[in-house]
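The structure appears right after this line, and notes come after that.
The values are calculated or read from the model by the stated rules, or taken from the named source; none is laboratory data. Note that the coordinates shown come from a computational prediction; the quantities given were computed from them, not determined experimentally. Here the Cβ positions follow ideal geometry from the backbone for every residue, glycine too, while neighbour counts run over all protein chains shown.
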Amino acid sequence: MLSFQLPDPVVAPYAERTVPWGYADAAGNSLGEITFLRTYSRQREDGTKERWHEVCRRVVEGMFSILKDHMRGQRLPWDEAAAQETARDAYERLFELRWTPPGRGLWVMGTPLVNALGNSAPLQNCAFVSTDDMTAQQPSAPFTFLMEASMLGVGVGFDTAGARKGFTIHDAVVHEPLAPFALDGEGRALPPVVDAGAPVHPIPDTRAGWVDSTALVINAFLRGDELPALDYSAIRPKGAPIRTFGGTAAGPEPLHRLHTSLRGVFAGRGGQVLTTRDIADVGNLIGVCVGAGNVRRSAEILLGEVDDPVFLDLKNPEVFPERNSYDPAQPGWAWMSNNSVVVETGTDLAPVTAAIARNGEPGVIWIDTTRSFGRLSDPADHRDWRAAGYNPCAEQPLESFECCTLVETFPSRAASKEDYLATLKVAFLYGKAVTLLPTHWEATNAVMQRNRRVGTSMSGIADFADNHGLDTVREWMDEGYRFVRAWDTELSETLAVRESIRTTTVKPSGTVSIVAGVSPGVHWAPGGTYFNRAIRFRNEDPLVTLFRAAGYRVEPAVEDPAGTSVIFFPVRSAAHRSDKDVPLREKAELAALAQAYWSDNSVSVTLSFDPETEGEQVGEVLRDFSGRLKTASFLPQGDFVYPQMPYTQITEEEYEAATRSLVPAFLDAVYDGDMETIDAIGEAFCDTGDCELDEIKINAGFAS
């Protein structure tokens, strides 16, 4: 039981209140609620799912339990009455979507995975690890951290520094890493067939089991260890429930494919030096395995050098066709990471400008600006002199093994500046509370308890700018930042911990911004008034059945057609302008404004541009904003740059055509765990090709 609890009479009225979800469509389905239900509502033992007011309670009670446990554990004063008052304000503001934890916090804050185990790792959005930390004793360490963090849903950045060290692949005889592998009739892995007396390593059906077995494979090649035959038979079959973390298992196949692929990377390479491509392949293949084998998606960024031709070609299908294949029969893995070059202010970026103008990569990270400055309107403070890289969305500079502690705020939902400052108080309190809870990684704790870095993010900035003007944006950012800094000083003294090295950020805010119905981060809404939002679902998710029957467009995911479906939701937003209507330089200027007056970490910005009319400006923007931004990435506009992109602009006519035949998706059936109704809808759709909704509504009790 959590140590802090809100009284039932305080929470009970919220069950009847209307949630201000974002983006309702013509059928009455809200994309905000759909995103919440798909991504953040946890399923209970009885099959029912949490509703929004229940998640708000779990989150607030979880964060205040961390605070209370810290104060009690350190024998510091704890004022229960004052905490209850602040918690009620935090609950009200969360319910009204004026702030939220990041998606990670909505999912696991207040659960045993965090509060009972005393582990903040599942709450962390992202992390960075440098392959410069590879050693002869533990060459697999950066990769196993990447894998385990990714399996917890943490996006991880990594770099190619291990190749610069000249790390040599061991030239000793390496035993055959993998034994024959087969499945029985129920899809379970059979024990390998090995010679009598040969060592066998049974892989436990745990996260650590997956990670440790992968370390065995990597160390066999990089350290020359003897590798036993790997036995996958204990891994639960595909479709079995993952009770602690949620979702369903993918079976042993993704792990076996990873181990087989790693063998392909290193086999026959005795005595050769570790290369940029080796590091990229290992990290990307791990990411693919995790994406196929876990309920929580992750992300990667790979950092390299502007003068490394191999790094610059990693996503070139002419040079590395197998890495960049979209053939479902032999899919590639290069897509797994965004790739960025690490440079200093004033570096000549001509070698990468043409590639950026063509396909948007690589991104650019100005590491000297990162290490020297917080907000760029303030003098250099050099607090981040140890920063080694960035998280996948590049809003947080990080040391190796450091994680991101993030929280979201939405100024466009505030009634006034004073109301927004009050929201910042409870939002930053959430972030600071998370820093009080260690992870299970000692190297990570050594960094994070020293830095206590928090990223209090603004989202909906472009909406706010279009509605109120840049002068108001600047005023709210500057006063908001000073408020957060002063609050951190006061709060840190109360908690008897260090002040945070950094406190504010602008994250991309993909799905959480949809829940709130605001533009994402510092970006204008892709598609503006009308767009398709593509969301990925596991094929066994009952929402796939409901949305297919309700008339939504459903496709197999290009990267995982056997396990994942992509559903396209047509959206009509209240945005004044489409992302395509905003000039490239205006986008860069808004990001620079946020970097100057709000974010002392970084600003995650993807500068989309028209390749025909603005492609030649890419080099000029890189030159002119060097020293005004810490990071930047680019994306050529167009619906076919990548398959099944998250946002695709559509016309009003296309929106009307897509929504004309849509019907309510009966989300109550999912909340209530009513699989009979869901199955009935699916059977009717499959039998007739057209859902007989009137009959289903009557039979299921939805019609009066």
The correct count of residues that are closer than 24 Å to Cys403 by Cα and either acidic (Asp, Glu) or out of contact with any strand residue (DSSP E or B) (no Cβ under 9 Å at 6 or more places or on another chain) (or both) in the stretch 598-614 is 1
Might you check whether a residue that is among the basic types (Lys, Arg), touching a strand residue (DSSP E or B) at 6+ places or on another chain (Cβ under 7 Å), surrounded by 21 or more Cβ atoms within 10 Å (Cβ to Cβ) and over 19 Å from Ser41 (Cβ atoms) occurs anywhere in the stretch 505-521? yes
Considering only residues of the stretch 11-54 that are of a type in the set (Val, Ile, Thr) and in contact with a helix residue (DSSP H, G or I) (Cβ under 6 Å, 6 or more places away or on another chain), which is modelled with the highest pLDDT? Val11
Need pairs with beta-carbon distance below 7 Å; first residue among the hydroxyl-bearing types (Ser, Thr, Tyr) and within the stretch 538-567, second crowded, with 19+ Cβ neighbours inside 10 Å and assigned to a loop (DSSP other than H, G, I, E, B); sequence gap 6+ or separate chains. Thr564/Ala557; Ser565/Ala557
Scanning the stretch 109-138 for residues that are closer than 19 Å to Glu300 by Cβ and either aliphatic (A, V, I, L, M) or surrounded by fewer than 24 Cβ atoms within 10 Å (Cβ to Cβ) (or both) gives Ala121, Pro122, Ala127, Val129, Ser130, Asp132, Asp133, Met134
Exactly one of (1) crowded, with 18+ Cβ neighbours inside 10 Å; (2) part of a helix (DSSP H, G or I) is unmet by Gly264. Its number? (1)
Report, by residue number, each residue of the stretch 545-562 that is crowded, with 21+ Cβ neighbours inside 10 Å and either touching a Cys at 6+ places or on another chain (Cβ under 6 Å) or farther than 17 Å from Ala26 by Cα (or both). Thr545, Ala549, Glu559
Any idea how many residues of the stretch 430-471 are at positive phi and of a type in the set (Gly, Ala, Ser)? 2
Going through Ser519, Ser509, Ser513 one at a time, which residue ends up being on the phi > 0 side of the Ramachandran plot and under 21 Å from the mean Cα position of the chain (by Cα)? Ser509
Answer with yes or no whether Ile279 is surrounded by 17 or more Cβ atoms within 10 Å (Cβ to Cβ) and touching a Cys at 6+ places or on another chain (Cβ under 9 Å). no
Given the structure, is Arg485 basic (Lys, Arg), touching a residue at least 12 places away in the same chain (Cβ under 8 Å) and part of a loop (DSSP other than H, G, I, E, B)? no
When residues of the stretch 386-432 are limited to those that are more than 23 Å from the chain's Cα centre (by Cα) and basic (Lys, Arg), the one modelled with the lowest pLDDT: Arg413
Note down all Cβ pairs under 6 Å where the first residue falls in the stretch 376-392 and is in contact (Cβ under 8 Å) with a residue 12 or more places away in the chain and of a type in the set (A, V, I, L, M), the second is assigned to a loop (DSSP other than H, G, I, E, B) and surrounded by 21 or more Cβ atoms within 10 Å (Cβ to Cβ), and they're at least six residues apart or on different chains. Ala388/Glu399; Ala388/Ser400
Give me the residue from the stretch 400-418 that is surrounded by fewer than 24 Cβ atoms within 10 Å (Cβ to Cβ) and touching a residue at least 12 places away in the same chain (Cβ under 8 Å) and, out of that set, farthest from Ile461 (Cα to Cα). Lys417
Can you find a residue in the stretch 36-47 that is farther than 30 Å from Gly162 by Cα, touching a strand residue (DSSP E or B) at 6+ places or on another chain (Cβ under 9 Å), of a type in the set (A, V, I, L, M) and crowded, with 24+ Cβ neighbours inside 10 Å? no
Return the residues of the stretch 267-280 that are assigned to a loop (DSSP other than H, G, I, E, B) and touching a strand residue (DSSP E or B) at 6+ places or on another chain (Cβ under 9 Å); say none if nothing qualifies. Gly271, Gln272, Leu274
Some residue of the stretch 495-507 being at pLDDT 95 or above, more than 23 Å from Lys417 (Cβ to Cβ) and in a helix (DSSP H, G or I): yes
Select from the stretch 354-385 the residues that are modelled with pLDDT under 95 and either more than 20 Å from Ser604 (Cβ to Cβ) or out of contact with any helix residue (DSSP H, G or I) (no Cβ under 9 Å at 6 or more places or on another chain) (or both) and list them in ascending order. Ala354, Ala355, Ala357, Arg358, Asn359, Gly360
Restrict the check to the stretch 191-203 and report whether at least one residue is loosely packed, with under 15 Cβ neighbours inside 10 Å, among the charged types (D, E, K, R) and modelled with pLDDT under 90. yes
When the residues of the stretch 567-623 are narrowed to those that are acidic (Asp, Glu) and over 19 Å from Asn467 (Cα atoms), which ends up surrounded by the fewest Cβ atoms within 10 Å (Cβ to Cβ)? Glu612
Can you find a residue that is touching a strand residue (DSSP E or B) at 6+ places or on another chain (Cβ under 9 Å) and buried (at least 18 other Cβ atoms within 10 Å of the Cβ) anywhere in the stretch 489-503? yes
Given the criteria closer than 30 Å to Ile365 by Cα and either more than 25 Å from the chain's Cα centre (by Cα) or modelled with pLDDT of 90 or more (or both), does Phe221 qualify? no
Tell me the residue from Lys587, Lys507, Lys580 that is within 28 Å of Val290 (Cα to Cα) and of a type in the set (Lys, Arg), please. Lys507
Would you point out the residue of the stretch 26-42, among those that are aliphatic (A, V, I, L, M) and part of a helix (DSSP H, G or I), that is farthest from Thr545 (Cα to Cα)? Leu31
Within the stretch 312-363, tally of residues that are part of a loop (DSSP other than H, G, I, E, B) and of a type in the set (A, V, I, L, M, F, W, C): 6
Quick one: in the stretch 522-532, which of the residues that are in contact with a helix residue (DSSP H, G or I) (Cβ under 6 Å, 6 or more places away or on another chain) and within 15 Å of Thr651 (Cα to Cα) is surrounded by the fewest Cβ atoms within 10 Å (Cβ to Cβ)? Tyr530
